[in-house]
Amino acid sequence: MTKGKHPNTRNQPPTPSQAAALLAIALLFTCMGVLTSLNDVLIPHLKEVFSLSYQGALLIQLIWFSAFLLLSTPASLVIRKTSYQFGMTTGYCLTSAGCLLFLPAAWTRCYPLFLLALLVIAAGVCFLLVVSNPYASALGDSRTIHRRLMILHGFFAVGMTLAPWLSGPAILSYPPVTHETQLVISDRLSLAETVIEPYLLLATCLAGIAFLTARQHLPDIFQKERERKPDAREHNFREHSAWHQRHTLLVRILAQLEHRFW
């Protein structure tokens with residue numbers, strides 16, 4: 001057999017279970033785009049609510065990307081021991097729980113609690129991110145991997161576009177706080193509470209998606225791998241490790257930097 005070919009996936013249309021899995025991944029990319037884009041709305045909002053400096057407000061981004069750095073490897077180990085479906089369900093449950101934490105954070109006007117909520121959401125997004133690309137790559141014809149990934153990443157852009165447009169007016173629904181109005185708006189609790197309705201709705205939607213994902217019968221990519229002998233399984237893991245494809249890591253990093261700074 002020629003090295004690098006995947007005879008099991010060539011010239012074969014996606015099965016119904018694979019098509020359902022691809023639709024689930026498309027929804028996954030959309031949710032990741034929504035959750036990531038909301039940070040750009042939260043930074044100016046919490047800056048006004050808590051009279052933060054720019055350094056204090058940018059703790060949101062620090063917490064967000066630090067979670068990716070610290071939790072990506074544990075998330076990948078959990079998914080490898082279970083399944084991609086379990087990773088998706090776990091990610092949705094964590095993001096839903098993080099959105100619910102915004103309620104007590106807004107009621108108590110506690111900035112550290114907001115950061116904790118963001119950390120939980122970021123942990124959930126980390127699970128979704130670990131699932132997204134490799135699961136989509138493993139489904140369907142191996143020759144159309146790049147096409148599937150391009151289409152699915154388009155759903156991420158859809159989520160990034162829709163989130164500020166839909167939730168921005170609700171969260172930022174107050175007049176700008178200037179030097180003249182700062183003394184009039186002495187109680188900023190009402191400003192903090194503008195996040196309650198959007199994040200409560202988002203938490204409900206994510207919990208519903210988690211329930212539906214858990215009930216689906218999605219392909220278990222790791223089933224055959226778990227049945228292999230330990231030596232063969234370890235060799236396969238090293239051969240397909242991302243560290244043997246460093247160019248893909250570089251492209252991912254550059255894409256994230258381009259999004260953040262442009």
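The values are calculated or read from the model by the stated rules, or taken from the named source; none is laboratory data. Everything numeric in this text was worked out from a predicted model, so none of it was measured. Reconstructed Cβ throughout: ideal geometry from the backbone, glycine too, with neighbour counts over all protein chains shown.
Within region 192-211, if we keep just the residues that are among the hydroxyl-bearing types (S, T, Y) and in contact with a helix residue (DSSP H, G or I) (Cβ under 7 Å, 6 or more places away or on another chain), the residue that is modelled with the highest pLDDT turns out to be Y199. Here A138 qualifies as surrounded by fewer than 18 Cβ atoms within 10 Å (Cβ to Cβ), modelled with pLDDT under 90 and over 19 Å from the mean Cα position of the chain (by Cα).
Pick out the one residue from S83, S76, S142 that is hydroxyl-bearing (S, T, Y), farther than 30 Å from A57 by Cβ, assigned by TED's automatic domain parsing to the domain that holds L202 and in contact with an Asp or Glu (Cβ under 6 Å, 6 or more places away or on another chain). So the residue among S83, S76, S142 that is hydroxyl-bearing (S, T, Y), farther than 30 Å from A57 by Cβ, assigned by TED's automatic domain parsing to the domain that holds L202 and in contact with an Asp or Glu (Cβ under 6 Å, 6 or more places away or on another chain) is S83.
Taken residue by residue, region 177-191 has no member that is under 24 Å from C110 (Cβ atoms), under 23 Å from the mean Cα position of the chain (by Cα) and either modelled with pLDDT of 75 or more or among the small types (G, A, S) (or both). Tell me yes or no: at least one residue of region 108-125 is at pLDDT 80 or above, more than 29 Å from L218 (Cα to Cα), crowded, with 21+ Cβ neighbours inside 10 Å and among the small types (G, A, S). So far as region 108-125 goes, yes, one or more of its residues are at pLDDT 80 or above, more than 29 Å from L218 (Cα to Cα), crowded, with 21+ Cβ neighbours inside 10 Å and among the small types (G, A, S).
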